[in-house]
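*Asks:* So that we are looking at the same thing, I have put the structure below in structure tokens.
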Amino acid sequence: MSLETLTLNPTGPTTGAVVWLHGLGASCTDFVSLLPWVKRPGVRFVFPQAPDRPVSINGGAVMPAWYDITTLSESSDREDLDDVAVSATALTSILDDLRAEGIASERITLVGFSQGAAMSLWVGHRYPHRLKAILVMSGYLLAPDRHAAEGHAANAATPTFHMHGTRDEVVPVHRGEAAYRVMDDGRPTRWETYRMRHELCRDQAGDLKAWFEDAYAGPIL
């Protein structure tokens, strides 16, 4: 499966990339409005579009989804991991294509919101080439019992930045914090909460702006 993407290139040479994944039922255009805050010299922004598929918790309605969610209860079979594997393969191909163009993997950041954040953690943790970072917005960890066994050494020390709303009614804050605790295993990690629901707020946008300015600072390589 190949994914449609919205790709926004820098005005000069491309020396870094950000792959940004939207949430359930959403669009690859969802976070384009943040570009004036986060764009950096030499950095390409790639926004993949999730495939349309039936989603069980929404009565089987077809919508953009990285994977099916079968139940709202916190059970081991909550997410369809076969769907996760298919989406992960497609997203890994995007990362591989960026590397094939000559963009160093250490200059590639994975960002995601909600379901997209869960996919960013899943793919980034297993990717066999070191990434710059993984940014987790209102996200959670898929199949935590498989986390330790399936991680790749290349990204064992990759920084993660976890952001979550204290009033999140879709992904409760305790799920986001649980993902952060698992990732806080000796790698650089950061946990920030915001007085918001399942959304983006101005304070969070400010933190994203500061993070990108620091992470992609300095001259174009």
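Quick note: the coordinates plus some simple rules give every number you see, no bench work behind them. None of the values given here were measured: they were computed from a predicted structure. A quick note on method: Cβ atoms are made from the backbone with ideal geometry, for glycine too, and the neighbour counts reach across all protein chains shown.
*Asks:* Mind jotting down the distance between the C-alpha centroids of the range 17-68 and the range 145-163, whole Å?
*Replies:* A separation of 22 Å, based on Cα centres.
*Asks:* For the range 11-24, in order, what is each residue's ³J(HN,Hα) by Karplus, 6.51 cos²θ - 1.76 cosθ + 1.60 with θ = phi - 60°, in whole Hz (x at glycine and Pro)?
*Replies:* Running phi through 6.51 cos²θ - 1.76 cosθ + 1.60 with θ = phi - 60° gives 6, x, x, 8, 10, x, 8, 10, 9, 10, 9, 7, x, 4 Hz.
*Asks:* May I ask you to order 120-131, 184-195 by the average number of other C-beta atoms within 10 Å around their residues, highest value first?
*Replies:* 120-131, 184-195
*Asks:* Now for a separate question. Can you compute 3J(HN,Hα) from phi for each residue in the range 156-164, using the Karplus curve 6.51 cos²θ - 1.76 cosθ + 1.60 with θ = phi - 60°, rounded to whole Hz and x for Gly and Pro?
*Replies:* Once θ is set to phi - 60°, the couplings for the range 156-164 become 5, 10, 5, x, 10, 10, 9, 10, 8 Hz.
*Asks:* Here is a follow-up. Near E101, within a Cβ-to-Cβ distance under 12 Å, what is the net charge of the other residues, with Lys and Arg +1 and Asp and Glu -1?
*Replies:* That sum, taken over residues with Cβ under 12 Å, equals +1.
*Asks:* For the range 112-187, run through the GluC sites (Glu not before Pro) and keep only the ones in DSSP coil with at most 15 other Cβ atoms within 10 Å of their Cβ.
*Replies:* Here the GluC sites (Glu not before Pro) that fit, given the DSSP loop and packing criteria, are E169.
*Asks:* Can I ask one more? Out of the DSSP beta bridges found with both residues in the range 5-215, what percent are antiparallel (nearest 5)?
*Replies:* So the antiparallel bridges amount to about 25 percent of the total.
*Asks:* For the range 89-221, what does the alpha-carbon gyration tensor say about shape, rounded, prolate or oblate, given a ≥ b ≥ c as the root eigenvalues, a/c under 1.5 as rounded, and a/b over b/c as prolate?
*Replies:* Oblate, since a/c reaches 1.5 and b/c is not below a/b.
*Asks:* Please find the FRET efficiency linking D82 to K209, where r is the Cβ-Cβ separation and R0 is fixed at 30 Å, and quote it to the nearest 0.05. Please report the intermediate quantities before stating the final value.
*Replies:* Values: r = 37 Å, r/R0 = 1.24.
According to the calculation, E is roughly 0.20.
*Asks:* Then there's this: Any chance you could give the angle, 0 to 90 degrees and rounded to 10, that helix 173-183 forms with the longest Cα principal axis of the chain?
*Replies:* Value to nearest ten degrees: 60.
*Asks:* Okay, moving on. Amide H to amide H under 5 Å from R53: which residues, 5+ apart in sequence or cross-chain, H placed 1.01 Å off N in plane?
*Replies:* M63, A65
*Asks:* Which listed residue (G112, T158, A65) has the Cα farthest towards the positive end of the charge dipole for the chain, taking +1 on Lys and Arg C-beta and -1 on Asp and Glu C-beta about the Cα centre?
*Replies:* T158
*Asks:* Mind running the shape call on the range 21-132? Use the C-alpha gyration tensor, a ≥ b ≥ c as the square roots of the eigenvalues: rounded below 1.5 for a/c, prolate if a/b tops b/c, oblate otherwise.
*Replies:* prolate
*Asks:* A further question on this structure: Give me V173, V55, V62, V136 sorted ascending by neighbouring Cβ count inside 10 Å, so fewest comes first.
*Replies:* On the way: V173 15, V55 21, V62 12, V136 31.
Lowest to highest Cβ neighbour count: V62, V173, V55, V136.
*Asks:* Using θ = phi - 60° and the Karplus form 6.51 cos²θ - 1.76 cosθ + 1.60, what ³J(HN,Hα) does each residue of the range 27-36 get, whole Hz, x for Gly and Pro?
*Replies:* Whole-Hz 3J(HN,Hα) from phi for the range 27-36: 9, 5, 8, 4, 10, 4, 4, 7, 4, x.
*Asks:* Then there is this: Calculate the dipole size of the range 5-215 relative to its Cα centre from +1 charges on Lys and Arg beta carbons and -1 charges on Asp and Glu beta carbons; express the result in debye to the nearest 20.
*Replies:* Details: 20 positive and 26 negative charges, 138 e Å.
For the range 5-215, the charge dipole is close to 660 debye.
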